[in-house]
1. Counting only protein heavy atoms, probe 1.4 Å: which residues of the range A:135-179 lose 20 Å² or more of accessible surface in the full assembly compared with their chain by itself?
2. Taking every pair of Cα atoms in the range A:90-134, average 1/r, invert it to obtain the Kirkwood radius, and report Rg/Rh to two decimals.
3. What gaps in nm, shortest first, separate A:D161 from its twins in the other copies when you place the label 7 Å past Cα toward the beta carbon?
4. According to the Kirkwood expression over distinct Cα-Cα pairs, how big is the hydrodynamic radius of the range B:124-210, in Å?
5. Tell me, what does the Kirkwood hydrodynamic radius of chain A come to in angstroms if you use every pair of distinct C-alpha atoms?
6. Treating only the Cα positions of the protein assembly as shown as identical point scatterers, give the base-10 log of I(q)/I(0) from the Debye formula at each q in 0.11 Å⁻¹.
7. Tell me, how many Å apart are the Cα centres for the range A:18-84 and for the range A:124-172?
8. Which residue fluctuates the most in chain B, going by a Gaussian network model with Cα springs under 10 Å, if the choices are B:K44, B:K181, B:K54?
There are 2 protein chains.
Amino acid sequence: MKRRKRDPKATKRALLEAAFEEMHKHGFQGTSISQILARTGMTKGALFHHYPSKLALAYAVLDEIVEPMIVDIWLVPLDSRDDPLVALQAMLRSSVKRMTDQLGRNALLLGCPLNHFAEEMSPLDEGIRNRCNRIFSRWQSGITGVLVDGIGQGVVRSDVDAENTAMFIIASIEGAISMGKQTQSLARCLEMLQGCGEHLSLYLESLRKN
Amino acid sequence: MKRRKRDPKATKRALLEAAFEEMHKHGFQGTSISQILARTGMTKGALFHHYPSKLALAYAVLDEIVEPMIVDIWLVPLDSRDDPLVALQAMLRSSVKRMTDQLGRNALLLGCPLNHFAEEMSPLDEGIRNRCNRIFSRWQSGITGVLVDGIGQGVVRSDVDAENTAMFIIASIEGAISMGKQTQSLARCLEMLQGCGEHLSLYLESLRKN
DNA sequence: ATCATTACATACTAAGCGGTATGAAGAGGC
DNA sequence: GCCTCTTCATACCGCTTAGTATGTAATGAT
């Protein structure tokens, strides 16, 4: 009955962000359309006008929110003119700040949305799996590139398998975030992230050519 | 109508194992009672006779299946008389075999059930969170103990933070399993687990006192 | 053999789910 | 102003969900 001013782009975006937040907390299957609507004050008519299905909404969340977020947190800080190994170590140190900037401090307790989607849905839906796969690949490529640069510059030992190492770094980060989330304690969450960063930094140092 | 011989313990166990398999694949929220019943051929009467609710069933799955499984895969192999660092490295090498022995080869694609429960339910249910927490703590304690032994024996550098390192090892393992699952390819799953094991072995070697 | 108890099977319920059908109000072109 | 398309709001639908109520067959104690 109430008719406010129309702003379809803002409406669509609000639905998308509400869907992201709900799915980040409850997972895809645990999120109901009505929860998303309650969060936005919209109705089903609006949602199904902009998105044909819940699954399509999840795809949009991955494409338009999760992927840019991963890029901003984990790839953008790699664009530096530093020594590649130092750049990676700086990325690890700044990661907590980047995450809280993007997600808000309390959302750290909800873990990595990419990992959440992947863990829940990889065996269940090809569309979600392919999207997660693409994002992870992009992330891995970014780190691989830095390591390859390092090898080219003679900073990193030439026997280092860059792709494999990049995978290991991402796996450790995601694992640490998961274990932090699992405690549901902000302090221990930060402790685990920081600890992981320090261990990885040490490991990266061991890859240095000297 | 069909009445077979009764075996309540076997019935309860069958329901428990079916619940584990369903929840391992679909998650807690994504699992429906009827799917569990279809898998066992039982009916609701049987299930709700043995377990008062779906949540109670999940608790039993964690207590009676997931925890022993984690212990068997990751803690039992640490009981060796070897050099502590060698024991950890051997554990990493044998992990794939232990996992496939416990879960079956194709279930590798479903990832670590502990991590799945934790990732999905940690922010949503205290009972599940506490159980996951206990299992992770037990795992971490086991590795910490080995590292502390190593320090005591003069094999591991005394400046190593055993608890923190144990956390890092577990995080890396869980992360690698997650990334493997995400590919839904057995080959890449094995590749990631193996790669992670090699990197961790190298890192462990860097902790050696010499 | 009897009888209470256990171990189920069957039928049912209220609530919530994703999705659709319909209609009306806002917005832009002429 | 008028007409059309877009953008929603509302009402509804069939289905599934976790859980309950009830009844009955199997089991074990006496």
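1. Buried-area filter returns A:F136, A:N164, A:M167, A:F168, A:A171, A:S172, A:G175, A:S178, A:M179.
2. Values: Rg = 12.9 Å, Rh = 11.8 Å.
Rg divided by Rh gives 1.10.
3. Those separations, rounded to one decimal, come out as 3.0 nm.
4. Details: mean 1/r = 0.0695 Å⁻¹.
Evaluated over the range B:124-210, this radius sits at 14.4 Å.
5. Working: mean 1/r = 0.0540 Å⁻¹.
So the Kirkwood estimate lands at 18.5 Å.
6. The Cα Debye sum returns log10 ratios of -0.85.
7. 24
8. Result for chain B, Cα springs under 10 Å: B:K44 fluctuates most.
The values are calculated or read from the model by the stated rules, or taken from the named source; none is laboratory data. Bear in mind the structure is a predicted one, so any value in this text is a computation, not a measurement. Note: ideal-geometry Cβ built from the backbone for every residue, glycine included; neighbour counts use all protein chains shown. With ligands, DNA and RNA removed, areas are computed over all heavy atoms of the protein, side chains included. Shrake-Rupley method; radii C 1.70, N 1.55, O 1.52, S 1.80 Å.
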